[in-house]
Amino acid sequence: MSNKEIPEDHLNLILKAGLRVPDHGALNPWKIKVIKGNSLKKVDEEVILKEFLKENPDAEQSIIDRESKRLQRASVVIAVISSPVENQKIPEWEMRLSSGAVCMNLLSCAQSLNYAAQWLTEWYAYNNAMLEFLGGDIKKDKISGFIYIGHKIEEPQERKRPDPKNIITFI
Ligand SMILES: Cc1cc2nc3c(=O)[nH]c(=O)nc-3n(C[C@H](O)[C@H](O)[C@H](O)COP(=O)(O)O)c2cc1C
């Protein structure tokens, strides 16, 4: 993936697709944080690397180098935060699922526009400093994923896919 900027109209279209998801009760139980430009380096160095070094003070230089450029692999990283709201009728589970749908729509739209795109969590999706940096509430919010979007360098290799007959049954 190359991290050359992606045109604003494409980014806006991807974000619009991300918001056009099934959402029981129209509760909007998610937040989207778009990390791009100089902010990629800032988050890499001031949040990810800092947190990594706290947990791994003796890490090898090659690992430190990797951890210091996590987000800079992409042109833009869209963080999706699941943020359930109080509701008598709609179960929290459905709000969490809706957040996954936001991730998937962002991903599908980016891939449809022929970008390289991936839904990753990595360790820092489970890090409280990261969640707080993104404006999440550590008592109830969770990072559903980071959608990395960049320019393709080569076509991605297809992975092994499940055998439908192991998964699907007709009733
Ligand atoms: C919630 C979620 C989190 C993921 N986190 C990671 C991750 O941290 N690292 C990773 O290598 N793949 C992760 N994946 C898998 C990738 O998104 C993806 O499946 C893989 O890179 C291959 O892409 P493809 O299935 O479109 O071929 C995650 C998938 C999901 C649904």
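Computed from the coordinates by the stated procedures, all read-outs in this text should not be read as laboratory data. Nothing here was measured: the structure is a model prediction, and the numbers come from that model. Positions of Cβ are generated from backbone atoms using ideal geometry, with glycine treated the same way; all protein chains shown enter the neighbour counts.
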Can you find a residue in region 127-134 that is polar (S, T, N, Q) and away from the ligand (no atom under 13 Å from the Cβ)?
yes
Do any residues in region 117-136 that are part of a strand (DSSP E or B) have Cβ atoms under 7 Å from those of residues that are near the ligand (Cβ under 10 Å from one of its atoms) and of a type in the set (S, T, N, Q), where the two are at least six apart or on different chains, and which pairs are they?
117/111
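When only residues in region 70-92 that are more than 16 Å from the chain's Cα centre (by Cα) and not hydrophobic (A, V, I, L, M, F, W, C) count, which is surrounded by the most Cβ atoms within 10 Å (Cβ to Cβ)?
84
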What tally of residues in region 107-121 results from selecting those that are of a type outside the set (A, V, I, L, M) and within 11 Å of the ligand (Cβ to nearest atom)?
5
Need pairs with beta-carbon distance below 8 Å; first residue within 18 Å of residue 119 (Cβ to Cβ) and within region 146-171, second among the polar types (S, T, N, Q) and not in a loop (DSSP other than H, G, I, E, B); sequence gap 6+ or separate chains.
147/118; 148/118; 150/2; 151/2; 152/2
Mind checking whether some residue in region 51-73 is under 20 Å from residue 115 (Cβ atoms) and either touching a Gly at 6+ places or on another chain (Cβ under 9 Å) or among the β-branched types (Val, Ile, Thr) (or both)?
yes
Looking at residue 149 and the list (1) away from the ligand (no atom under 15 Å from the Cβ); (2) outside any helix (DSSP H, G or I); (3) among the hydrophobic types (A, V, I, L, M, F, W, C), which single condition is not satisfied?
(1)
Filter region 46-105 down to the residues that are more than 14 Å from residue 122 (Cα to Cα), in a helix (DSSP H, G or I) and basic (Lys, Arg), then identify the one that is nearest to the ligand (Cβ to nearest atom).
96
Flagged in region 138-171 as exposed (fewer than 10 other Cβ atoms within 10 Å of the Cβ) and touching a strand residue (DSSP E or B) at 6+ places or on another chain (Cβ under 6 Å), in numbering order, are 153
Only one residue in 4, 16, 31 is more than 22 Å from residue 125 (Cα to Cα), touching a Ser or Thr at 6+ places or on another chain (Cβ under 7 Å) and of a type in the set (Lys, Arg), so which one is that?
4
I'm trying to understand the selection: among the residues of region 65-83, which are among the polar types (S, T, N, Q) and either in contact with a Phe, Trp or Tyr (Cβ under 7 Å, 6 or more places away or on another chain) or within 16 Å of residue 142 (Cβ to Cβ) (or both)?
82, 83
